[in-house]
Structures are given as structure tokens and as C-alpha cells.
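Colleague: Take a look at this one; I'll ask things after.
The values are calculated or read from the model by the stated rules, or taken from the named source; none is laboratory data. Note that the structure is predicted; figures quoted are calculated from it, not measured. Here the Cβ positions follow ideal geometry from the backbone for every residue, glycine too, while neighbour counts run over all protein chains shown.
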Amino acid sequence: MLASIPIFSQISLDAATLNVESGYYGDLDSSEILLEFASISQPPYLVAGLGLAIAILCGLTFAKLVEQRLEGWKQDRLALLPLGTAVVTIPYMGVVLGVTLFIGGSLQVFGFSAGAALLVSFVLSVGTAGALWVQLERLMGQVQDGTFSAVDFDNFDQFF
């Protein structure tokens, strides 16, 4: 566990004891002197929690925007596509950012380094978000054209 804590200046227990004897650190004992040199970072629970909050808020916003588009199409036959307008894309990118932070923070809790955790979570989030975006545009195009049928989640051939 101590090996994962970054230490800015290496010091041994003998050197810490010598510093205690010299009075350099006042009344601190040698184990307390070692803690003075260790940078103990907090677990990234805040990053994971913040990412989850961002993902939920942006996800609710994105869902409401898509619902409003569908209602506008149903009532006034407004165009469903293109879906990639700034008003719809920004909350979707917020979902991707939130999910990236949540997965990255969660991986850091389990011992991954910050860079590796965020890289893995970014690749997973962007890959999944891209696939979902393509599917959403395809389904909305089917709704707009009138060729929409019930989605069969057991048949994965229709998704690719």
C-alpha cells in the first residue's frame, strides 16, 4: 500500500531517527517524520461522484430534448433530423464527459493510475456514445420516414 503513495523526497527510517535526535523536527517521532515526506492523495470519490452527477443531469436534459423533438414531429411534423445540432449535441457530450469521469474515478478507487483510468474510460465512453448516436439517428430516421418497426433487442444484426 505504501508503494503506491508518491514520495517527493526519499528518506529512510534511520535518517528520520537521526533527524529526531538532532531536534530538526522537534517532538515528532520517526514514523511521523516519514509522513511529512509522503503526499497522501485522497481517493477519487469526488471525481466519480461529480461524473455521476454530470452524467445524470446531462442525460435527463438530453432525454427531454429528444422527447420534445419527437413531440414536435408528432404534432406539427417538424423534422427529426439532423439530430446533431448544438442544442442536442452539448448535453450528449456532457453525458460522455460525466460517464468518463465516473468510470475513471471508479477505476482509480480500485488502484489504477489516474492517466490509465481516464484513458480507458474515455475510450469506452466515446466508443459507446458513438455507437448509440448512430443507432439513435438511424431510429429517428426510420420514425421520420414511417418505416419504424418494433425494436428486437435479441436480434443484433439490425444494429450493425
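Colleague: Which number in (1) at pLDDT 95 or above; (2) buried (at least 16 other Cβ atoms within 10 Å of the Cβ) marks the one condition that residue 123 misses?
Modeller: (2)
Colleague: Looking only at segment 97-116, how many residues end up being aliphatic (A, V, I, L, M) and closer than 12 Å to residue 58 by Cβ?
Modeller: Looking only at that region, the number is 3.
Colleague: Within segment 30-62, how many residues turn out to be modelled with pLDDT of 90 or more and in contact with a Ser or Thr (Cβ under 6 Å, 6 or more places away or on another chain)?
Modeller: Final tally of qualifying residues: 1.
Colleague: If you don't mind, there's one more thing I want to ask. With the requirement that a residue be surrounded by 15 or more Cβ atoms within 10 Å (Cβ to Cβ) and in a loop (DSSP other than H, G, I, E, B), what does segment 82-120 give you?
Modeller: Across segment 82-120, the qualifying residues are 83, 112.
Colleague: I would also like to ask the following. Between a first residue in segment 64-75 that is assigned by TED's automatic domain parsing to the domain that holds residue 90 and in a helix (DSSP H, G or I) and a second residue that is surrounded by fewer than 16 Cβ atoms within 10 Å (Cβ to Cβ) and modelled with pLDDT of 85 or more, which pairs have beta carbons less than 8 Å apart while being 6 or more apart in sequence or on different chains?
Modeller: Pairs found: 65/87; 66/136.
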